[in-house]
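J.: A single structure is presented below for examination.
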Amino acid sequence: MLAPLLAAGAVSACALGYQTMAPTGQWFGRTFTGLPRATKRLALTYDDGPNDPYTWRMMDVLERHGVNATFFLLGRFVQEKPEIARALVAAGHAIGSHTWDHPNLIFASSAETRRQLQLTQQAILDASGVHTTIFRPPFGGRRPASLRIARELGMEPVMWNVTCYDWKAKSADDIAAYAGRQIRGGDVILLHDGEYHRIGVDRSRSVEATDRILSRYRAEGFDFVTIPQMMARPD
């Protein structure tokens, strides 16, 4: 009798652990992960910036295609590069919080989670004049308290449903192929313009992959929007 109970407990623990990190998991609270599949709208999102010079290069690609995206920024990098945060807003992109220095919030106390989010909100406000209303947890890691605190601070948690694995892909072709195998419409696409350890990490493959994704899916009739636009008009 004991063995089946232990096995069931282990399965439950694994399922709970998976849900804390799963991009589309909703066990621990509602998060935004996109629109109904086959909707002809897509949202490009970028984590871990601002990152000089690659955020600038990403902005150039987006401008060339006439597209606005959503950038989830790290507070400590905003403090170092406020001019990039200002430029993102001036160009019409949406910006959100990605915490101050990218901790896994599964293991953070409520007090530390609140500190991370408040510091980042203030850094973004000081740099750009924007009081951000969207938040993405680092690594996707969250628990009920993480989501509750974000909402208390006026931010909606945003995840994703298309993972491009650009942090480990060997080429822009690989990144675009990962995207192509998952995009169906109504998707929130995860890419990176930075890397949370330091500013200056090479994201040239992500920049090139963005160009390819935009060229392909705009030609197929998809409309690229920001997360706030997608959330405001779910049709």
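J.: Among G140, G194, G154, G200, which is at pLDDT 95 or above, among the small types (G, A, S) and in contact with a Gly (Cβ under 7 Å, 6 or more places away or on another chain)?
T.: Exactly one residue qualifies, and that residue is G194.
J.: Moving on. Could you please let me know if I175 is among the hydrophobic types (A, V, I, L, M, F, W, C), under 23 Å from V78 (Cα atoms) and either in a helix (DSSP H, G or I) or touching a Phe, Trp or Tyr at 6+ places or on another chain (Cβ under 8 Å) (or both)?
T.: Considered against the rule, which asks whether it is among the hydrophobic types (A, V, I, L, M, F, W, C), under 23 Å from V78 (Cα atoms) and either in a helix (DSSP H, G or I) or touching a Phe, Trp or Tyr at 6+ places or on another chain (Cβ under 8 Å) (or both), I175 comes out as no.
J.: Kindly state which helices (runs of 4 or more DSSP H) lie completely within the range 28-112 and contain at least 1 residues that are within 21 Å of I227 (Cα to Cα) and free of Cβ contacts under 8 Å to residues at least 40 places away in the same chain.
T.: Here the list reads 54-65, 82-90.
J.: Continuing with the same structure: When the residues of the range 33-74 are narrowed to those that are in contact with a Ser or Thr (Cβ under 7 Å, 6 or more places away or on another chain), under 21 Å from I124 (Cα atoms) and among the polar types (S, T, N, Q), which ends up most open to solvent (accessible area, probe 1.4 Å)?
T.: N68
J.: Is it the case that G129 is open to solvent by 30 Å² or more (accessible area, probe 1.4 Å), touching a His at 6+ places or on another chain (Cβ under 9 Å) and more than 24 Å from T39 (Cβ to Cβ)?
T.: no
Conditions tested, residue by residue: (1) open to solvent by 70 Å² or more (accessible area, probe 1.4 Å); (2) under 18 Å from T45 (Cβ atoms).
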| position | (1), (2) |
| --- | --- |
| T133 | yes, yes |
| A150 | no, yes |
| V162 | no, yes |
| K170 | yes, no |
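J.: Any idea how many residues of the range 216-235 are open to solvent by 60 Å² or more (accessible area, probe 1.4 Å) and either part of a loop (DSSP other than H, G, I, E, B) or closer than 10 Å to A176 by Cβ (or both)?
T.: Residues meeting the conditions: 5.
J.: Next question, about the same structure. For the range 193-215, give me each residue that is of a type in the set (S, T, Y), within 22 Å of A91 (Cα to Cα) and open to solvent by 20 Å² or more (accessible area, probe 1.4 Å).
T.: Within the range 193-215, S204, S215 meet the criteria.
J.: Can you find a residue in the range 75-91 that is under 20 Å from T33 (Cα atoms) and surrounded by 18 or more Cβ atoms within 10 Å (Cβ to Cβ)?
T.: Looking for residues that are under 20 Å from T33 (Cα atoms) and surrounded by 18 or more Cβ atoms within 10 Å (Cβ to Cβ), one finds none in the range 75-91, hence no.
J.: Can you spot a residue in the range 179-190 that is farther than 19 Å from G49 by Cβ, assigned to a strand (DSSP E or B) and in contact with a strand residue (DSSP E or B) (Cβ under 7 Å, 6 or more places away or on another chain)?
T.: Within the range 179-190, one or more residues are farther than 19 Å from G49 by Cβ, assigned to a strand (DSSP E or B) and in contact with a strand residue (DSSP E or B) (Cβ under 7 Å, 6 or more places away or on another chain).
The values are calculated or read from the model by the stated rules, or taken from the named source; none is laboratory data. Note that the structure is a prediction, hence the values are computed from the model and not measured. Methodologically, a virtual Cβ is constructed for each residue, glycine included, from the backbone with ideal geometry; neighbour enumeration extends over all protein chains shown. Surface accessibility is based on the protein's heavy atoms, side chains included, excluding ligands, DNA and RNA. Shrake-Rupley method; radii C 1.70, N 1.55, O 1.52, S 1.80 Å.
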